[in-house]
Every structure is written in structure tokens, then in C-alpha cells.
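Trainee: One structure follows; several queries about it will come next.
The values are calculated or read from the model by the stated rules, or taken from the named source; none is laboratory data. Everything quoted here is computed from the prediction, not taken from an experiment. Positions of Cβ are backbone-derived with ideal geometry, glycine not excepted, and every protein chain shown enters the neighbour counts.
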Amino acid sequence: MNIRCLILSLLVLATTQAQPNFDPATYPGQDRTWAFHDAAGTSDTTAIWKADPTIVAWASGHVNLQYGTHVGAQWQTPEKAYGPAVGDSFDVVVLGRGGQITMTFPRPIRNGSGFDFAVFENGFSPGAIELAWVEVSTDGLHFVRFPNFSYTPAPIGGYSTLQTTNVHGFASKYRQGFGTPFDLSQLQLAFDAASADSDDFHADFKQQLLSNFPYLNLEQINYVRIIDIVGAGAALSCEGLPIYDPYPTSGSAGFDLEAVAVLHQVEPSGQSQSIDFTPFGNQILGDASISLEAVASSGLPVDFEVISGPGLIHGSVLHFTGLGQVVVRATQAGDANYAPADPVTRSGFIADALQHLYLEPIANQLTGASQMPLHVRSSSGLPVSLFVDAGPEDAVVDEQAHRFTSGSVPGRVTVRASQTGGQLNGITYAPAEPVFAVFDIVAAGDAAAPQSFAQWQLAHGISGSGGTDTDADGVVDFVEYVGNSNPQHAADRPDHHFEAVPGGYIFELRLNGRAPVRVQLWESNDLSLSSNWSEIIPEVLSLSSSAPGEVPARFIRLRLPQQGLQKFWRFQFEAY
């Protein structure tokens, strides 16, 4: 091919590609042309706040979940998209690149005046958003996609931001806490335009619209499907233009769905009722089955169904058929006197074994602290991840190395320990319940600043080693330091408790929130052998902190199962 022919072919290709249709509208009745609505909090926005009084219900279940690529197991919890939006970065199910989920609702969505539902994502700032197509269906088979427009002119890098006014008709357009609303009337207008050939839709979008809309009842929308868009430019808008969003990302790639709010729904007739469905949690495959417990406030019988996963229902018994997450929905259809109850969904993982986490209490930290060790272990031996769920922006923790850096800003921090399940030595473990620890970042000299044992001794006017018992109360000074009791008053001893309960034992400790110490639990079945002691991983029932302004303290409640006829335990405290 000569150069002249190559140039000519490129010119012909350029003239046949879709061009931005800034004005006029792509179809008669289009709710907005470019520039599109701006970010939440501006004067030109359609953002729906998570506590908006026009919200009448929330998505309560899902079907047909398909994860895409580059999404970690810790983000694969669809139940986090049920119920009201929280407005944080973690209460989400992450779809992965090209993944999708179909949300269901207590009652059908209907076409009312204005917007009818809204989709919430978890973008942490204006423009820090990931895009997804939004489709609706009445029968669960034929889905109609909302017209969508993307005028972002070129690819953007991973973790970059979008100009909000360049996108429209996608989920999501707004930052966390604010939903992107959708009006079902736009589907009717788009279909009418496509039927009359008075549109500028891309051929593929138009064909899907004409094929699926006849099956849609705008007064009974039972399903909303969210499909992640891989924003590299291969995906096209309804006009045939390339769609760009932050790409590539990994670990939690794809759309982060927090919730779907309903603004207009079909209202039932009859008295209202509700379902109380007891969570059944994670289960061991070898147990074979579990009885489900749910009651309706009406007194009518409750039905169960497996939505997904390795389980079968016989009456009120869930039988396990394999390993994995099982999702069960409880329903009550109503009768001549009662309206149908809102369905309630519960889930659990079926595994060979269960596990739990032990996150040692964390003392307050100084501003400017770097690479401070935090200590966490799982009973399974699988690796545990740590995350900062709340706190000053520059407070960070290394997920795997468990080292904390405080940054320069004081504030209260919440660290979360997570283990999402997996295999070890041929055993499949269920995900562990997360454990949270709260502590404060403070400036040096603050009354709540961390305090070494030597500093504590000086403050109490005592000296000696950690094994000294200054007040002769039977508790050595280092243990009084850990418990923040007065080493010069025998009546003031550390506040620790032990209790035998059915199937095990409970330990309760009150610890000094300023003392940077490790708290380990050891056991033995023979006190005559010093070598017989071994460290164990207790289950954390609760781990809390005193309120800001109070004497810094940590309160931890631990459980140990009953094993054998004779056991001895001891706590080991070690400064770090």
C-alpha cells in the first residue's frame, strides 16, 4: 500500500466514527444534554442524599451475580449492597472489571413523577467515580439499558478523576453518600424515538432497546442490573462513543455498589407485616444441615428459598451440598388481611472449618510515629489483613506487614482485621468475623500520650524492676502498669474477670490505653512442665476503648472453648 492510499483510508475512517452529539438531544425528551449535571453539593446537581426523605425503600436481595477480574475476596460480599447506603468506602460489593449484579426489591419500582430510583457508589471525592451501565427488567429475562452519554475525550489513568459534567446516565456519577437517580420515563421516550426513527442512537443500543422494551412494564420493575464498564475505551455509549473511567485499577477493580434506593414503589393493600429472620452465620460442611428460624409479625408461616450457593431447603431446614457461600431468602406472601412482607436475606459460608481472629489491643500512638508494629493472628494460620477504616487521612497501616504510620494529624483511628477464608493444609476455612480496634493519635505531651513502664513508674513515684510488687498486693508493678491500677494502694488491683459459660470460658480485661504492650494468652494442661505452655488464639467477643477525654483504657472480652478436663491459662504481657 502506498502512503497516499494509507492517508486516504485514515481520512475515511475518521469521518465514519461517531462524534459527540453535544446539541441537539440524541432523542426527543432527553432529560439533559451536555454539559451534564455537576457534582454533589453544587447548584446544578441531581444527587440524592442517602437520608433523603423521598426514599421509600432499598434493595433487599440479589440474583445473577457475576464477578469480573481483579477483585479480591474481601470485597465479594453482596449483602453489603442490601439496605440503606452508609456513605463510606467499605460497605460495598465490588463487581470487578466487567462484573455485574442484579438487585431485587421488597416491592416493584414504579414509574412516578420525576426520578424513580437511585444507585449509590463509594467514590471518596467528586470525580473519583467508576462507571456502570444501569438496566431494568420486569421478568428478569429482558433488560432495558438507560441511555448513557460519555464525552470524556481521552483515556484517564487508574485512580484518576472524571469530569462529572461529561458523563450522564451511568451509575455512578456522584461521591459516596449521594446516589445517581434514574427516571423510568426516559426509557419510554427513548423507545418511542427509536420506533419512529427520530433518534441518533448507535445501532447496537437501538436494536437492544427495540427488542427488550416491549417486555417491560414501567409500573412493575422487579430487577435493576448494574454492569461494570471497563473504562479503557472499548465499551461504547448509546451514541457509539468510547467510555473512559479510571483504568487500570486492581484489588478492588470495577464498580463498587453500596446500595440502590427506591423513590417510587408499588404500594400493597392490607395490613403491613415484617419478618424476623435469625442469622445463621458460617457453618461446617460436616454438620450437614441447620434449622432456620424466622417468624412473621402476622403469625403467618414463613417460606425459605436458596437464592444462590451450595444448599437445598426442605421445610425450614437448610441442607449443605458443598463448600461456598449460601444465600437464603425468607418470604411471607400475605393473605386476605396482610400485605406481603418485605423479604429478608441471610447468608453464610459452608466450610470444612471455622476460624476467628485475635487482634491485640492497640495503645494510643504519637503523631509522627512510623512503622509501629500491630499484632494480629488467625486461629486457622491463614494470613490476616489490616485496614484503617476511619481516622486522619495520612494514618495508614501496611495490610500484610501490619506496620502502622500515624501521620501528623491527631485523631481517633479504627483499624479492622480481616481474613476472607481460604485453604490451608487441605482444609477450607470460612471467612472470619472482622475484629475492630479503636485508639487515638495524640501529640507528645498530651495527657493521653503513650507512656513507657519507666515513665509510668516515675509518675507514680516508684522504682524497681517490672517484677517488683511495691504495695505487696500480690500483683507485680508491670501488671499494674498494664491494668493501670495504682501500684501504691493494695486495694487498687487490675480489673480482670474470668467466667465459666456453657461450652467454654470468658475472660474480661481492662487495660491501660497508654501502655504499648503485647497481650498474649498461653495454656497448659500440666503445671509441672514449664515446657508444656503454648500460645493460643482466643476469640475476640468485643474490643472497645474509653471515650475521648476519659482515662485511656481498652476493654477486651475473649472466649475460649472447653477442651479436655483440665486446662491452665496465663496472660503474658510484654512491652514493645
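Trainee: Considering only the range 96-106, state which residues are among the hydrophobic types (A, V, I, L, M, F, W, C) and at pLDDT 95 or above. Give the derivation first.
Mentor: First, the residues of the range 96-106 that are among the hydrophobic types (A, V, I, L, M, F, W, C): 101, 103, 105.
Listed by number, the residues that qualify are Ile101, Met103.
Condition check ((1) closer than 27 Å to Pro53 by Cβ; (2) crowded, with 22+ Cβ neighbours inside 10 Å; (3) not aliphatic (A, V, I, L, M)) across all residues:
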position	(1), (2), (3)
Phe115	yes, no, yes
Asn122	yes, yes, yes
Trp133	no, yes, yes
Ser150	no, yes, yes
Pro153	no, no, yes
Ile156	no, no, no
Gly169	yes, yes, yes
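Trainee: Just for the range 171-213: of the residues that are among the charged types (D, E, K, R) and crowded, with 23+ Cβ neighbours inside 10 Å, which one is nearest to Gly140 (Cα to Cα)?
Mentor: Taking the range 171-213 as the starting set, the residues that turn out to be among the charged types (D, E, K, R) are 173, 175, 183, 192, 197, 199-200, 204, 206.
The next check asks that each one be crowded, with 23+ Cβ neighbours inside 10 Å; those that pass are 173, 199.
Values: Lys173: 25, Asp199: 27 Å.
Out of the qualifying residues, it is Lys173.
Trainee: Restricting attention to the range 301-333, which residues are in a loop (DSSP other than H, G, I, E, B), more than 21 Å from Ile101 (Cα to Cα) and touching a Ser or Thr at 6+ places or on another chain (Cβ under 8 Å)? Full working, then the answer.
Mentor: Initial filter on the range 301-333 (in a loop (DSSP other than H, G, I, E, B)): 301-302, 309-310, 315-316, 321-323, 332-333.
Still in the list and also more than 21 Å from Ile101 (Cα to Cα): 301-302, 315-316, 321-323, 332-333.
The answer is Val302, Ser316, Leu323, Gln332.
Trainee: Follow-up. Looking only at the range 541-570, count every residue that is more than 15 Å from Leu509 (Cβ to Cβ), out of contact with any Gly (no Cβ under 9 Å at 6 or more places or on another chain) and not in a loop (DSSP other than H, G, I, E, B) and tell me the total.
Mentor: Final tally of qualifying residues: 1.
Trainee: Could you list, in sequence order, the residues of the range 122-143 that are within 17 Å of Ile101 (Cβ to Cβ) and not hydroxyl-bearing (Ser, Thr, Tyr)? Step through it out loud before you land on a result.
Mentor: The first filter runs over the range 122-143 and keeps only residues within 17 Å of Ile101 (Cβ to Cβ), leaving 122, 130-137, 140-141, 143.
If the condition is that a residue be within 17 Å of Ile101 (Cβ to Cβ) and not hydroxyl-bearing (Ser, Thr, Tyr), then Asn122, Glu130, Leu131, Ala132, Trp133, Val134, Glu135, Val136, Gly140, Leu141, Phe143 are the ones that fit.
Trainee: Give me a count of the residues in the range 536-573 that are surrounded by fewer than 13 Cβ atoms within 10 Å (Cβ to Cβ) and either touching a helix residue (DSSP H, G or I) at 6+ places or on another chain (Cβ under 8 Å) or in contact (Cβ under 8 Å) with a residue 24 or more places away in the chain (or both).
Mentor: Initially, the range 536-573 is screened for residues surrounded by fewer than 13 Cβ atoms within 10 Å (Cβ to Cβ), giving 542, 547-551, 561-566, 568, 570, 572.
Subset that is either touching a helix residue (DSSP H, G or I) at 6+ places or on another chain (Cβ under 8 Å) or in contact (Cβ under 8 Å) with a residue 24 or more places away in the chain (or both): 548, 551, 561-562, 564, 566, 568, 570, 572.
Looking only at that region, the number is 9.
Trainee: Out of all the residues in the range 385-402, which are assigned to a loop (DSSP other than H, G, I, E, B) and in contact (Cβ under 8 Å) with a residue 40 or more places away in the chain?
Mentor: Within the range 385-402, the subset assigned to a loop (DSSP other than H, G, I, E, B) is 391-395, 398-402.
Listed by number, the residues that qualify are Gly391, Pro392, Ala395.
Trainee: Given the residues Ile221, Ile229, which is the only one that is aliphatic (A, V, I, L, M), over 15 Å from Phe143 (Cα atoms) and assigned by TED's automatic domain parsing to the domain that holds Val167? Give the derivation first.
Mentor: On the way: Ile221 fails: over 15 Å from Phe143 (Cα atoms).
One residue alone meets the criteria, Ile229.
Trainee: Please determine, by comparing only the residues of the range 263-297 that are among the β-branched types (Val, Ile, Thr) and assigned to a loop (DSSP other than H, G, I, E, B), which one is modelled with the lowest pLDDT. Break it down into steps so the answer makes sense when it comes.
Mentor: We begin by selecting, within the range 263-297, every residue among the β-branched types (Val, Ile, Thr); these are 266, 275, 278, 284, 290, 295.
Cutting the leftovers down to assigned to a loop (DSSP other than H, G, I, E, B) gives us 266, 278.
Details: Val266: 92, Thr278: 97.
Ranking the candidates gives Val266 first.
Trainee: Quick check on the range 233-254: of everything there that is under 30 Å from Ala193 (Cα atoms) and in a loop (DSSP other than H, G, I, E, B), which residue is modelled with the lowest pLDDT?
Mentor: From the range 233-254, those under 30 Å from Ala193 (Cα atoms) are 233-245; that's our starting set.
When the remaining residues are screened for being in a loop (DSSP other than H, G, I, E, B), the result is 237-241, 245.
Values: Ser237: 96, Cys238: 97, Glu239: 95, Gly240: 95, Leu241: 95, Asp245: 92.
Among those residues, the one meeting the criterion is Asp245.
Trainee: Touching a residue at least 12 places away in the same chain (Cβ under 8 Å) and in a helix (DSSP H, G or I) - does that describe any residue in the range 215-229? Talk me through it step by step, then tell me what you get.
Mentor: We begin by selecting, within the range 215-229, every residue touching a residue at least 12 places away in the same chain (Cβ under 8 Å); these are 215-229.
Still in the running and in a helix (DSSP H, G or I): 215.
There is at least one residue in the range 215-229 that is touching a residue at least 12 places away in the same chain (Cβ under 8 Å) and in a helix (DSSP H, G or I).
Trainee: If you scan the range 432-445, which residues turn out to be part of a loop (DSSP other than H, G, I, E, B) and surrounded by 16 or more Cβ atoms within 10 Å (Cβ to Cβ)? So that I can check it myself, show each step before the final result.
Mentor: Taking the range 432-445 and keeping what is part of a loop (DSSP other than H, G, I, E, B), we get 432-434, 443-445.
Passing the criteria: Ala432, Glu433, Pro434.
Trainee: Mind listing whichever residues of the range 507-526 are in contact with a Pro (Cβ under 9 Å, 6 or more places away or on another chain) and among the small types (Gly, Ala, Ser)?
Mentor: Gly513, Ala515
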